[in-house]
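Notes for the one structure printed next.
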Amino acid sequence: MSCHITVLGRRLPVWLIPLLWTLALGLWGLSRQHSVWRDEAATWQVARRSTADIWHMLGEVDAVHGLYYLLMHGLFECFGPGTTTLRLPSVLAMAVAAACVTVIGHRLAGGRAGLGGGLIFGLLPAVQFYLQEGRPYALVAAGAGVSTLLLVTALQGRDRKAHWAAYGGTLLLCALLNWLSLLILPAHAATLAWTRAGRGTWIRWTAAGTAAVAAALPMILFTLTQSRQVSWIPPLTWHMLIGPAIVLAIGALGALADRPRAGRPSLAAVALPLLAVPQIGLIGLSLAKPLFLDRYVLFSMLGLALLIGAALGAVARMIKFPGVSRRLVPAVVAVAVVALWPQSLAKRSPASRVDDVLAVAADVRQLKKDGDAVVFIPAARRDTALVSPAAFAGLRDIALAESPVASGTLKGEEASPQRIRTAMLAQHRILLITDMPEVARPVSAERDREKIAVLEKCFTAVADKQVRGRRVTVYERLVPDR
């Protein structure tokens with residue numbers, strides 16, 4: 001298959017097809033019925049702060065996402081806050097990643113392998129989830145695709161100083177978006193070892209990788225002081241490894257289908273380490289400190305897509321009928337679309353996330369009255385008010401001692417339990433914003449236990465609405481017996 005296609009008499013690169021395909025998948029249902037969940041709410045509320053306020057916050061919390069927050073702040077300033085502005089960077093990034101898969105696959109295993117891998121990439125369930133996510137993981141995947149393409153170019157003997165500078169710069173950008181992306185370095189090292197790269201290539205790769213790590217190291221060391229942010233991640237268990245094991249098994253089958261071509265690195269030598277090494281590395285890190293979340297190594301899906309593409313290319317070569325062989329990739333993609341259709345719809349519904357901060361804000365707008373107070377359990381549920389301040393206009397946040405902006409935090413600093421109790425007892429009506437029982441975690445903070453105790457003893461619920469993982473309950477003060 002040629003690396004170009006002809007449209008209206010003009011030759012266009014093949015990678016344009018997966019790029020546009022992934023872009024279309026991302027734009028489909030982008031607003032998720034105008035819903036935003038808690039992780040995206042963090043991006044939304046931080047992006048609306050000033051640069052100085054963001055910088056102040058990074059000194060206290062979430063420094064690991066500092067570059068991403070500054071990027072989103074710039075986009076919100078230019079285009080205004082909204083679900084499109086929030087998620088479009090991820091859509092564009094995944095489209096770039098799909099294009100990289102196509103080019104790598106084409107160079108190493110032929111046109112059908114490249115095209116098939118690029119088209120399948122956008123359909124992978126994990127990719128479809130983060131394709132429309134207002135968080136940095138898709139941007140890291142794009143950077144991983146670009147850096148891997150640059151490595152393949154080097155292995156094909158077309159590297160220059162500017163080439164390695166671009167490689168190191170891409171690694172650094174990925175590390176500043178999420179430093180666990182540096183797990184791609186041992187994956188690339190495995191590729192160099194597999195392909196028996198020359199001494200000069202090893203030296204230049206080591207220099208570029210070391211420079212990227214050294215530049216990112218101050219940020220990495222600083223974020224380790226904020227490790228309490230990930231204290232909620234559960235310890236590694238065997239059932240958590242089932243998904244990675246299935247993915248690795250599929251990848252291994254794809255590697256068996258790969259046929260090395262003379263004068264080129266094997267596609268398996270690039271794709272299998274890219275799929276396996278980051279996941280194994282994250283598992284290893286999680287044995288020391290719980291960190292195992294699939295989104296941290298989302299970029300490993302590039303390797304899976306490449307291996308699936310290699311398998312499609314191998315099957316196409318086995319087919320003796322040219323017409324059937326040419327239609328194999330479109331047919332497989334069509335079957336995949338049909339098979340994954342229910343899951344694709346589910347990924348684009350509000351129910352695909354644990355909650356929706358916008359839906360409960362609409363309920364607050366309907367239930368509130370002048371003079372009402374509001375409390376949040378846990379304090380992190382204050383994100384609803386931070387994303388939709390107009391819905392909370394007129395409500396007094398009586399537990400809040402210092403705002404999120406002033407305190408340089410995501411949820412603000414609350415008063416002592418005793419002061420919260422006193423403030424609550426002075427109210428006639430209180431709106432409680434919390435989680436639905438199905439998704440709520442056990443209450444552990446002393447302040448939250450005090451809020452619950454006061455509401456149960458001195459107030460009665462007069463209205464309650466539950467929607468998309470969040471709950472708003474209106475309490476009125478009990479009239480004392482005379």
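The values are calculated or read from the model by the stated rules, or taken from the named source; none is laboratory data. This one's a predicted model, so the numbers in the text were calculated from it and none came from an experiment. FYI the Cβ positions are ideal-geometry reconstructions off the backbone, even for glycines, and counts take in every protein chain you see. What goes into the accessible areas is simple: the full protein's heavy atoms, side chains included, and nothing from ligands, DNA or RNA. Shrake-Rupley method; radii C 1.70, N 1.55, O 1.52, S 1.80 Å.
For this structure, a couple of remarks:
- The residues of the range 140-188 that are closer than 19 Å to residue 94 by Cα, part of a helix (DSSP H, G or I) and among the polar types (S, T, N, Q), listed by number, are 147, 148, 170, 181.
- Residue that is least open to solvent (accessible area, probe 1.4 Å) [pool: residues in the range 198-239 that are at pLDDT 90 or above and charged (D, E, K, R)]: 204
- Matching residues, the range 444-466, being buried (at least 18 other Cβ atoms within 10 Å of the Cβ) and in a strand (DSSP E or B): 459
- Top-ranked residue in the range 62-76 [being open to solvent by less than 20 Å² (accessible area, probe 1.4 Å) and among the hydrophobic types (A, V, I, L, M, F, W, C); ranked as farthest from the chain's Cα centre (by Cα)]: 76
- Being free of Cβ contacts under 8 Å to residues at least 40 places away in the same chain and either open to solvent by less than 10 Å² (accessible area, probe 1.4 Å) or closer than 21 Å to residue 272 by Cα (or both) holds for only one residue in 155, 182, 115, and it is 182.
- Sole exception among (1) surrounded by fewer than 16 Cβ atoms within 10 Å (Cβ to Cβ); (2) under 15 Å from residue 380 (Cα atoms) for residue 407, by number: (1)
- Any hit, the range 250-270, residues being in contact with a Ser or Thr (Cβ under 9 Å, 6 or more places away or on another chain), in a helix (DSSP H, G or I), closer than 18 Å to residue 187 by Cα and at pLDDT 90 or above: yes
- Residue 24 vs. criteria among the aliphatic types (A, V, I, L, M) and either surrounded by 18 or more Cβ atoms within 10 Å (Cβ to Cβ) or at pLDDT below 95 (or both): no
- Matching entry among 295, 326, 317 (being farther than 19 Å from residue 191 by Cβ, at pLDDT 90 or above, among the basic types (Lys, Arg) and surrounded by 13 or more Cβ atoms within 10 Å (Cβ to Cβ)): 295
- Inside the range 329-344, residues that are part of a helix (DSSP H, G or I) and either touching a residue at least 40 places away in the same chain (Cβ under 8 Å) or surrounded by 18 or more Cβ atoms within 10 Å (Cβ to Cβ) (or both) make up a count of 7.
- Count - residues of the range 82-102 that are small (Gly, Ala, Ser) and over 14 Å from residue 127 (Cβ atoms): 1
- Checked against the criteria, residue 278 does not count as at pLDDT 70 or above and either assigned to a loop (DSSP other than H, G, I, E, B) or basic (Lys, Arg) (or both).
- Residue that is nearest to residue 353 (Cα to Cα), among those in the range 27-52 that are open to solvent by less than 60 Å² (accessible area, probe 1.4 Å) and of a type in the set (A, V, I, L, M, F, W, C): 37
- Residue match in the range 383-403 (condition: in contact (Cβ under 8 Å) with a residue 40 or more places away in the chain and surrounded by fewer than 18 Cβ atoms within 10 Å (Cβ to Cβ)): no
- Exclusive hit being touching a helix residue (DSSP H, G or I) at 6+ places or on another chain (Cβ under 8 Å), open to solvent by 50 Å² or more (accessible area, probe 1.4 Å) and of a type in the set (Lys, Arg), set 471, 441: 471
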